[in-house]
Amino acid sequence: MTATTSVHGMWSNRMAFILAATGSAVGLGNIWKFPYIAGENGGGAFVVVYLLCVSTIGIPVMMAEILLGRRGRQSPINTMRTLAHEESRHGFWQLIGWGGLIAGFLIISYYSVVAGWALAYVFRALGGAFISLDGETAQSLFGSLVADPERLLAWHTIFMVMTVVVVSRGVRSGLEQSVRILMPALFLLLLLLVGFALSTGKFMEGLEFLFHPDFAALSPGAVITAMGHSFFTLSLGMGAIMMYGSYLPSSASIAGATIAIALMDTLVALLAGMAIFPLVFANGLAPGAGPGLVFQTLPIAFGNMPGGLVFSTVFFVLLVFAAWTSAISLIEPAVAWLVENRGMARVRASAYVGISGWLLGILTILSFNHGAFSFDFAGEERKNGFFDLLDILTANFMLPLGGLAIAIFAGWFMARESTRDELAMGDGPAYRLWRFLIRYVSPAAIAIVFLNAVGLV
Ligand code: PHE
């Protein structure tokens with residue numbers, strides 16, 4: 001056993017950890033990405049695969065990440081090095097930490113740009129830009145934003161500064177304080193929006209789209225995207241949850257916390273879908289609009305409904321809050337690593353990571369205007385060059401592979417006693433179920449999805 005506390009600080013209790021990890025999990029992934037990829041991939045069947053992945057891969061891998069983090073008590077790179085040493089395994093297992101560091105850095109670069117759109121839309125909504133909006137104007141509103149690199153850069157900069165400020169304040173007064181306020185607000189706002197969607201008269205049509213599966217329409221690319229999304233939305237496979245686990249007090253139970261986090265994350269995604277699709281159908285709009293779904297179609301819906309100004313402002317504030325609590329967890333592992341290995345002060349480390357992510361974000365900004373190019377992925381055309389490349393590389397490949405490595409390490413390369421002691425749920429059926437899932441089910445499921453994508457299964 002290594003240290004019982006982390007040098008970076010600790011959550012004040014288990015509840016604070018659950019809030020923070022839920023804050024990390026619930027983000028643009030739930031509210032912006034889930035509805036648009038579900039829309040592009042035909043709804044129902046895609047949602048079923050995503051839910052299957054969350055339960056058979058997501059939950060066991062999240063438990064593994066938390067237990068590794070809490071046992072190592074350091075940034076993912078050093079945690080993996082320490083644990084590999086403790087279990088007398090090869091040092092290359094720390095590559096899990098390195099891969100995660102790189103994935104987090106790539107993700108924050110585009111995440112911050114999209115969060116910047118949400119920021120821009122808060123002010124548009126407040127200014128009444130959506131009142132009586134029609135399809136053409138909505139498209140040109142979104143189009144004029146993404147076509148203007150300077151404006152995108154300004155919002156991207158503001159969001160990155162917000163993220164760096166929270167992270168530089170440290171675990172308890174930065175990370176924990178912010179989620180204590182933001183997470184409850186987020187739930188309230190979302191419930192309000194679903195209530196609004198109920199009044200559109202198209203609620204059942206929205207439910208039907210989300211939950212009625214048509215497996216014939218499911219392409220191999222869609223299956224990979226659904227699995228990748230289950231990692232992305234739960235913040236798994238890159239060390240964010242491992243990092244948060246390192247701040248978790250030793251006595252707290254891991255299994256219960258994991259189930260709470262996964263349930264809340266799934267609930268938010270489904271609620272977001274239930275808020276969005278009825279509005280889409282009530283206005284005769286297309287569910288497969290792509291990354292613009294939230295930004296182009298929803299404002300039309302909001303703009304033509306009573307109370308739209310308030311509801312649309314609320315909606316985009318919600319999106320910014322959700323993105324903010326996720327963004328901090330994307331850079332925390334890199335910041336903690338700089339503090340541990342380079343002896344840097346937290347403030348300086350946060351600034352360095354923020355500036356590097358900000359610079360890389362310029363590639364995403366240019367993907368929607370001067371630097372746009374298209375390519376094919378799994379038979380589908382992707383139109384936003386670097387942005388799509390980064391999204392596919394991280395969500396569809398790096399996170400699932402990171403998760404696979406984590407599952408293999410926890411399931412096969414750690415002593416049974418080590419994982420059993422850390423999970424602290426005895427040796428009963430619950431522990432045995434977890435061990436079975438992490439050793440066989442999760443790795444096999446990840447492998448099958450990949451083999452399926454390359455046409456082997
Ligand atoms: N889970 C976050 C979301 O759904 C994104 C994220 C991915 C955050 C990986 C941290 C790590 O938006």
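Condition (residue is modelled with pLDDT under 95 and either of a type in the set (A, V, I, L, M, F, W, C) or open to solvent by 10 Å² or more (accessible area, probe 1.4 Å) (or both)) applied to the stretch 328-342: is it met by at least one residue? Among the residues of the stretch 328-342, at least one is modelled with pLDDT under 95 and either of a type in the set (A, V, I, L, M, F, W, C) or open to solvent by 10 Å² or more (accessible area, probe 1.4 Å) (or both), which makes the answer yes.
Contact annotation: residue pairs with Cβ atoms under 7 Å, 6 or more positions apart or on different chains, pairing a residue in the stretch 409-423 that is closer than 15 Å to Met80 by Cα with a partner that is outside any helix (DSSP H, G or I), are Phe413/Glu87; Phe413/Arg89; Met414/Glu87; Ala415/Glu87; Ser418/Glu87.
Residue-by-condition table, conditions (1) touching a residue at least 40 places away in the same chain (Cβ under 8 Å); (2) in contact with a Cys (Cβ under 7 Å, 6 or more places away or on another chain); (3) not in a helix (DSSP H, G or I):
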{"residue": "Leu363", "(1), (2), (3)": "yes, no, no"}
{"residue": "Phe368", "(1), (2), (3)": "yes, no, yes"}
{"residue": "Ala372", "(1), (2), (3)": "no, no, yes"}
{"residue": "Glu381", "(1), (2), (3)": "no, no, yes"}
{"residue": "Leu389", "(1), (2), (3)": "no, no, no"}
{"residue": "Leu401", "(1), (2), (3)": "yes, no, no"}
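Summed over the stretch 30-44, the residues that are within 10 Å of the ligand (Cβ to nearest atom) and aromatic (Phe, Trp, Tyr) give a count of 2. For Ala286, the test of being of a type outside the set (S, T, N, Q) and modelled with pLDDT under 85 is passed. If you go through the stretch 343-359 and keep only what is open to solvent by 40 Å² or more (accessible area, probe 1.4 Å) and either under 28 Å from Arg124 (Cβ atoms) or aliphatic (A, V, I, L, M) (or both), you end up with Ala345, Val347, Ile355, Trp358, Leu359. For the stretch 86-93, the criterion of a residue being buried (at least 19 other Cβ atoms within 10 Å of the Cβ), in contact (Cβ under 8 Å) with a residue 60 or more places away in the chain and not basic (Lys, Arg) is satisfied by at least one position.
Residue-by-condition table, conditions (1) open to solvent by less than 20 Å² (accessible area, probe 1.4 Å); (2) of a type in the set (Lys, Arg); (3) in contact with a strand residue (DSSP E or B) (Cβ under 9 Å, 6 or more places away or on another chain); (4) within 13 Å of Lys33 (Cα to Cα):
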residue: Pro220; (1), (2), (3), (4): no, no, no, no
residue: Leu236; (1), (2), (3), (4): yes, no, no, no
residue: Ser251; (1), (2), (3), (4): no, no, no, no
residue: Ile254; (1), (2), (3), (4): yes, no, no, no
residue: Val317; (1), (2), (3), (4): no, no, no, no
residue: Ala322; (1), (2), (3), (4): yes, no, no, yes
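Across the stretch 361-377, the qualifying residues are those that are open to solvent by less than 40 Å² (accessible area, probe 1.4 Å) and under 25 Å from Val166 (Cα atoms), and the one among them that is farthest from the chain's Cα centre (by Cα) is Ile365.
Here Ala20 fulfils each of the conditions (1) within 22 Å of Ala257 (Cβ to Cβ); (2) more than 18 Å from the chain's Cα centre (by Cα); (3) touching a residue at least 24 places away in the same chain (Cβ under 8 Å) apart from (2).
The rows are residues; the columns are (1) within 16 Å of the ligand (Cβ to nearest atom); (2) open to solvent by less than 10 Å² (accessible area, probe 1.4 Å); (3) within 24 Å of Ala103 (Cα to Cα); (4) at pLDDT below 95.
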{"site": "Gly379", "(1), (2), (3), (4)": "no, no, no, yes"}
{"site": "Leu399", "(1), (2), (3), (4)": "yes, yes, yes, no"}
{"site": "Ala410", "(1), (2), (3), (4)": "no, yes, yes, no"}
{"site": "Phe413", "(1), (2), (3), (4)": "no, no, yes, no"}
{"site": "Thr419", "(1), (2), (3), (4)": "no, yes, no, no"}
{"site": "Ala424", "(1), (2), (3), (4)": "no, no, no, yes"}
{"site": "Arg432", "(1), (2), (3), (4)": "no, no, no, no"}
{"site": "Leu437", "(1), (2), (3), (4)": "no, no, no, no"}
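Once the stretch 208-264 is narrowed to residues that are assigned to a loop (DSSP other than H, G, I, E, B), within 16 Å of the ligand (Cβ to nearest atom) and hydroxyl-bearing (Ser, Thr, Tyr), the residue that is nearest to Val26 (Cα to Cα) is Ser235. For the stretch 9-21, the candidate set comprises residues that are small (Gly, Ala, Ser) and more than 14 Å from the ligand (Cβ to nearest atom); within that set, the residue that is most open to solvent (accessible area, probe 1.4 Å) is Ser12.
Results for (1) more than 12 Å from the ligand (Cβ to nearest atom); (2) farther than 23 Å from Ala323 by Cα; (3) open to solvent by 10 Å² or more (accessible area, probe 1.4 Å), shown as yes or no for each residue.
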| position | (1), (2), (3) |
| --- | --- |
| Gly23 | no, no, no |
| Leu28 | no, no, no |
| Phe46 | yes, yes, no |
| Leu51 | yes, no, yes |
| Pro60 | yes, yes, no |
| Leu68 | yes, yes, no |
| Ile77 | yes, yes, no |
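In this entry, Thr394 passes the filter for residues that are polar (S, T, N, Q), at pLDDT 95 or above, open to solvent by less than 60 Å² (accessible area, probe 1.4 Å) and under 18 Å from Phe232 (Cβ atoms). Among the residues of the stretch 401-457, the ones that are polar (S, T, N, Q) and within 27 Å of Thr225 (Cβ to Cβ) come to 2 in all. Residues in the stretch 109-119: is at least one more than 19 Å from Phe368 (Cβ to Cβ) and either touching a Cys at 6+ places or on another chain (Cβ under 7 Å) or aromatic (Phe, Trp, Tyr) (or both)? No, that holds for no residue. In the stretch 434-452, the residues that are in a helix (DSSP H, G or I) form Cβ pairs under 9 Å with partners that are of a type outside the set (A, V, I, L, M) and at pLDDT below 90, at six or more places apart or across chains, as follows: Val449/Pro220; Asn452/Pro220.
For the stretch 94-132, the candidate set comprises residues that are in contact (Cβ under 8 Å) with a residue 12 or more places away in the chain and over 27 Å from Leu360 (Cβ atoms); within that set, the residue that is nearest to the ligand (Cβ to nearest atom) is Ala125. All conditions but one from (1) under 17 Å from Leu207 (Cβ atoms); (2) surrounded by fewer than 22 Cβ atoms within 10 Å (Cβ to Cβ) apply to Leu309; the one that does not is (1).
The values are calculated or read from the model by the stated rules, or taken from the named source; none is laboratory data. Owing to the predicted nature of the structure, the values given are computational and were not obtained by experimental measurement. Neighbour counts are summed over all protein chains in view; Cβ atoms, including those assigned to glycine, are modelled from backbone coordinates with ideal geometry. The accessibility values were calculated without ligands, DNA or RNA, using every heavy atom of the protein model including side chains. Shrake-Rupley method; radii C 1.70, N 1.55, O 1.52, S 1.80 Å.
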